Structures are given as structure tokens and as C-alpha cells.
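The values are calculated or read from the model by the stated rules, or taken from the named source; none is laboratory data. Not measured: the values here are computed from a predicted model. Neighbour counts run over all protein chains shown; Cβ positions are idealised from the backbone, glycine included.
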Amino acid sequence: MKRLVMLAVALTLVLGMAVSASAAPEVSISGNLLVNAVWNDNWNFVKNDANKESMRIMERADLYFTVTANENLKGVLGLRSDRGEWGKGGFALGQPGSAGTAQMNIRDAYIDFNWPGTDVNVKAGIYTVALPQSVGSASMIVAERAGAVMVTAPVTDNVSVLAGYTRLFDNNTAAVTAANDDQNFLDGYLVAVPLNFEGVALTPFFMYGNGGKNFIANEDVTAYWMGTNFTMSMFDPFIVKADLNYGKVDADDTDALDASGWMGALGLDYTGFDFMTVSAFGVYTSGNDSDGGNGAETMPVLDGDWAVGSFFFGGGLITGDDINGNDTPLGFWTIGLSLTGIQSFAQGLTHDFHVLYAEGTNDTRDTFNMGALGSYLTEKDSLWEVDFNTAYAVYDELTLYGQLGYINSDFSENVWGANLDNDAWKVATGVVYKF
């Protein structure tokens, strides 16, 4: 009898657990693991440089948990490991897993919900804050993770409104707060109007930045950015893309800390081939003039993620496999052609080909705002870039990559000195497992 009673109790507990489980939120797990080997030559464009030639193997992991209560409510937690280099730090012999190295850190952590009975969406937490961009990989101004709350509301079937707040930087400490009344921060306020009609889509935006009195060199700083992207597909298979952005930073007392500038981009895609996409593009960004004392004439940026090609301007396929990491200093123009998704002789084997030419728009006499050789381009600097990249889908979730890149640069000796080496190369191969 005792055994029957115990069995009944056990069955009751199991059934209760089953009922509880059926009412629990749905949890999904996704992420990726990647390993990338890069052989680089002369990425600094300097003769006899200590890092002229090197070979590195990089590794990184992402792990995401999505907890969905229902179609109107979910939470996302994303973790990313340190991007480690084999043989160094937490990726050296005997060091993986040691305290303080090779850690998983929060990358995304946000709540995403619709207001009950409406189509108004609210997203609050840490996630990617990005302004709209059509030509290139992402916005030049900002396209990175930050703490934010964004509200999106449909107005009609074709028009919606997005409004939000983001704290972009906060360098306050107890000492700073006590001395400066909590003034070492930068907040952003964003309004955008996504417009989607048949064959035409664009998103005009305006973002205001309010910096505390001590955010930059003890200055009270304000800033704003405005612009729009544009995509027209009504002439499919021809797709026209464009971007126009303007930004301004105004420091309260010091003119040299001011900045204002703009960028414009135009692109044309042809998708009529069933074996590849052809894309042509041109991009112009304003450059600094000869007087560094009156501030910068390049568009101020926060933390963009823009790139074309896959070498000089960023755009590498995995990690650690491009020169500027999608963060090239502005003051340049470039034109280029890309052939992407080229179907090869074997199933799952595709190629991308890029060729581009770039010149600087920054005056050579403005040494106040000048950046570093290898990323900053003056009016006397130019370069050609050619890339050929290959991807092979071993499985739906597993992809092997190969990359070849070459840059022939012409940096001015009058600006940078005589110790220049114009040719840069890269060879990279890696594997990515997405789950």
C-alpha cells in the first residue's frame, strides 16, 4: 500500500511539473563559434615596421537566450566572449578559463514588448542603436550597442514613428559627481519616421545629443545629426540606394572642439542575374580645411559600423581581418564595384569580388585634426583595393571562409614622411558555426 501511495504522489508531482512546464515561457538558444587565421603584410604602410608581417589566429563565441512569454513579450540576453588571440592572455597555454581572462560578457540584454491591445512596440535595455543607412554595412554615425529605450508606433500601413532615448556615454564616478554635479555624460534623443511604400522606402531621422559640462575638455557640449536613407526597387531588378547625413557638435567655449560635416552616398544594385548580384557605389564625406583652430569639417561620429569592400574600410568576414574595423576616420571619397553571392561550380560554394578606389578630402595643412597613417586620408593620399572572398557551406550551420585582399596605396611623402611602403596584403581563412 505504501508503494502505491508513493507512486501516486510521484505521479502527481510529475503531472504538476508537466502543467507548470506547459505554462512556462519558451526559451530558445542561439549563437556562434568562430576561429579565424589571418596573415597580414604591411597594414601600417610603413617600411621596416615591427608588425609588418604577422600571422594571428583569433577566436570568439556568442551565446544568446531568448525567453518568449507570448507573441507580445520576450526578453533577450546575449553574451560575447573576449576576442582572443591564440597564445596570448586567456588563450595561451594553460590559461583558458583562468580568472579574469577569456570571459563571456553581456552584449545584449533587453525587454521587447507590445503595449496591450495595440501595435505600439517598446524595446528597453542594452541593444544595437543604429541610424538608418542604405549604402555600406551600417551607419557611419552610430551603429553599436548602448543602453536605450525606443518606442515604435504605426501611423498608417505605410508610415510609422520611432522615438527614443539612449545614454551613449557616462564617465561619472563618485569623485566626478561630487566635484562636477554629475556632468560627465552624453545622452541622445532620437526621432525617426520610417516610410514604406510600394517600390520606395526611406527613413528620415533627427538625433539630438546633450553632453554634460565636463564630457569633452571641461566643455558644455551639444550636438545633432539629421538625414535619411533611401531605397527604390520599383525598377526591379535595378535597385537604387542613397544616403544623406549631416552632423554638428558645438562646444561652449573652445572653437577647436567644434565639428560639422556631411556625407552622401549613392548605390545601384542589379539583381537580374540568378548567379550573383552586381553593385556599384560612390560615397563622399566632407574633409577638414586648413584651419584646425576653428574645429573639424568632418561629420562628427559616435561609434559607427560602416564599411564597403572587406579590407581598408573594414568589412572583414569574421574577426580581426580588416585594417580599420568599420571605423575609418572620415574625410574621403570612394567609388567601387562589388560582385556578391557568385555561385561557383560546387553547391554551397560562393564568392564575393570587390574593387574600389579612394582619395582623401582632408587638407594636408590641418595637423590639429589629423589621424594616423593607414586610416586618415588627405587630399594627396589615394589607394586601390581588390578583394576576393570565398565561402563554402559545409552544412547549413557550418561555413568555411577564405579571403584575399590587396591594397596599392599612394600616401604623400610630404605629409607622412619618406618611410612609406605602399602595398598591403591579407590572406585569411576561418570557420564559423552558427546554431
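General remarks:
- Subset tally (residues that are under 20 Å from residue 136 (Cα atoms) and of a type in the set (Val, Ile, Thr)) for the stretch 203-246: 5
- Consider the stretch 149-163 and keep the residues that are of a type in the set (Gly, Ala, Ser) and farther than 9 Å from residue 121 by Cβ. The one that is surrounded by the fewest Cβ atoms within 10 Å (Cβ to Cβ) is 163.
- Members of the stretch 46-66 that are under 27 Å from the mean Cα position of the chain (by Cα), aliphatic (A, V, I, L, M) and surrounded by 15 or more Cβ atoms within 10 Å (Cβ to Cβ): 57, 58, 61, 63
- Checking the stated criteria, residue 423 turns out to be loosely packed, with under 13 Cβ neighbours inside 10 Å, in contact (Cβ under 8 Å) with a residue 40 or more places away in the chain and among the acidic types (Asp, Glu).
- Output for the stretch 67-106, where each listed residue is crowded, with 17+ Cβ neighbours inside 10 Å and either modelled with pLDDT under 85 or hydroxyl-bearing (Ser, Thr, Tyr) (or both): 81, 90, 102
- Residue 328 of a type in the set (Val, Ile, Thr) and assigned to a strand (DSSP E or B): no
- Across the stretch 368-416, the qualifying residues are those that are assigned to a strand (DSSP E or B) and aliphatic (A, V, I, L, M), and the one among them that is nearest to residue 337 (Cα to Cα) is 386.
- Some residue of the stretch 58-67 being in a strand (DSSP E or B), basic (Lys, Arg) and farther than 22 Å from residue 147 by Cβ: yes
- Scope the stretch 108-166; condition within 25 Å of residue 264 (Cα to Cα), polar (S, T, N, Q) and touching a residue at least 40 places away in the same chain (Cβ under 8 Å); matching residues: 133, 134, 137, 139
- Checking each residue in the stretch 113-134 for being among the polar types (S, T, N, Q), surrounded by 15 or more Cβ atoms within 10 Å (Cβ to Cβ) and part of a loop (DSSP other than H, G, I, E, B) picks out 133, 134.
- Every condition in (1) basic (Lys, Arg); (2) in contact with a Phe, Trp or Tyr (Cβ under 8 Å, 6 or more places away or on another chain); (3) at pLDDT below 95 holds for residue 365 except the one numbered (2).
- Candidate set: the stretch 193-219, residues that are among the small types (Gly, Ala, Ser) and surrounded by fewer than 20 Cβ atoms within 10 Å (Cβ to Cβ); chosen: the one farthest from residue 131 (Cα to Cα): 217
- All conditions in (1) out of contact with any helix residue (DSSP H, G or I) (no Cβ under 8 Å at 6 or more places or on another chain); (2) surrounded by fewer than 19 Cβ atoms within 10 Å (Cβ to Cβ); (3) touching a residue at least 60 places away in the same chain (Cβ under 8 Å) hold for residue 264, with the sole exception of (3).
- Scanning the stretch 401-420 for residues that are within 20 Å of residue 321 (Cα to Cα) and either surrounded by 15 or more Cβ atoms within 10 Å (Cβ to Cβ) or hydrophobic (A, V, I, L, M, F, W, C) (or both) returns 401, 402, 403, 404, 405, 406, 407, 409.
- Condition check for residue 94: more than 16 Å from the chain's Cα centre (by Cα) and either charged (D, E, K, R) or at positive phi (or both): yes
- Beta carbons closer than 6 Å, at least 6 apart along the sequence or on distinct chains, pair a first residue in the stretch 278-305 that is on the phi < 0 side of the Ramachandran plot and surrounded by 16 or more Cβ atoms within 10 Å (Cβ to Cβ) with a second that is modelled with pLDDT under 95 and part of a loop (DSSP other than H, G, I, E, B) for 288/366; 288/369; 292/366; 292/368; 292/369; 296/369; 305/326.
- Residues of the stretch 317-330 that turn out to be more than 17 Å from residue 402 (Cα to Cα) and either touching a Phe, Trp or Tyr at 6+ places or on another chain (Cβ under 7 Å) or modelled with pLDDT under 95 (or both), as a count: 6
- So residue 350, is it part of a strand (DSSP E or B), farther than 21 Å from residue 326 by Cβ and among the hydroxyl-bearing types (Ser, Thr, Tyr): yes
- Only listed residue being buried (at least 23 other Cβ atoms within 10 Å of the Cβ) and farther than 27 Å from residue 225 by Cα, chosen from 353, 311, 345: 311
- Criterion: of a type in the set (A, V, I, L, M), buried (at least 16 other Cβ atoms within 10 Å of the Cβ) and either touching a residue at least 12 places away in the same chain (Cβ under 8 Å) or farther than 25 Å from residue 271 by Cα (or both) - qualifying residue of 398, 373, 337: 373
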